[in-house]
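Below is one structure; the comments refer to it alone.
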Amino acid sequence: MGANAFCLKACDPSGPNAPHFCEHIYDRIGCAYNSPNAAQNGTFESCVGDNQDFPGVFTSDGQVMTYTQPPESLGPIATMPYQPKVPASSDCVQFASASLYAALGSVSATAGSGNGSAAATGTGTAKAGGGARATARAAGSKQMSNDAGVVAFSMGVSVVGVVFSALFLS
């Protein structure tokens, strides 16, 4: 994190060449080299994309080369011998910030109840991997939602959180 940028990359450990896509030896070269993309400032979108080249591996004058990150004791990395190739993407869906944050709940006191009860409201849609879409609804003041979609979405978010925690701690 830093320089007004943050990136998170998750790799499927069962995929072919998985260790090469998520090397942990290039942390100092930043997001542009570890997760190259064509993101636009102020735009949130979900796209289908090709795999990137392995971090640190590049082609120069027809030869495949591997970059080695210098030790931190040598100070900041001032130059790089290559520019990362941004993988192709397609089937992009843009999201407006209003729809991104619509699923956030809000708390309001119930008028005239006097017992301090509150109700959370909100609805929203999130795009899951592989093009699947899941819809989540928070319980409204007079509506309770226990449908399987909400449970599956909530469980999916919990599993992703546990996986990211395990990856971070390993």
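Every number in this text was worked out from the coordinates using simple rules, so none of it is lab data. This structure is a prediction, so every number in the text was calculated from the model and none was measured. Note that each Cβ is placed from the backbone with ideal geometry, even for glycine, and that neighbours are counted across all protein chains shown.
Length available on full extension from C11 to M65: 0.36 nm per residue minus the Cα-Cα distance, which gives 17.2 nm. Estimated at 0.36 nm per residue, the fully extended path between S99 and Q83 surpasses their Cα-Cα distance by 2.3 nm.
Taken over region 28-75, the percentage of Cα pairs per 5 Å bin, counting from 0 up to the bin with the maximum distance, is 5, 14, 20, 21, 17, 11, 9, 3. Each peptide among 59-66, 22-29 gets the average number of other Cβ atoms lying within 10 Å of its residues, and from highest to lowest they stand as 22-29, 59-66. Summarising the amide proton neighbourhood of F44: residues at separation of 5 or more, or on other chains, whose placed amide H is nearer than 5 Å comprise F95.
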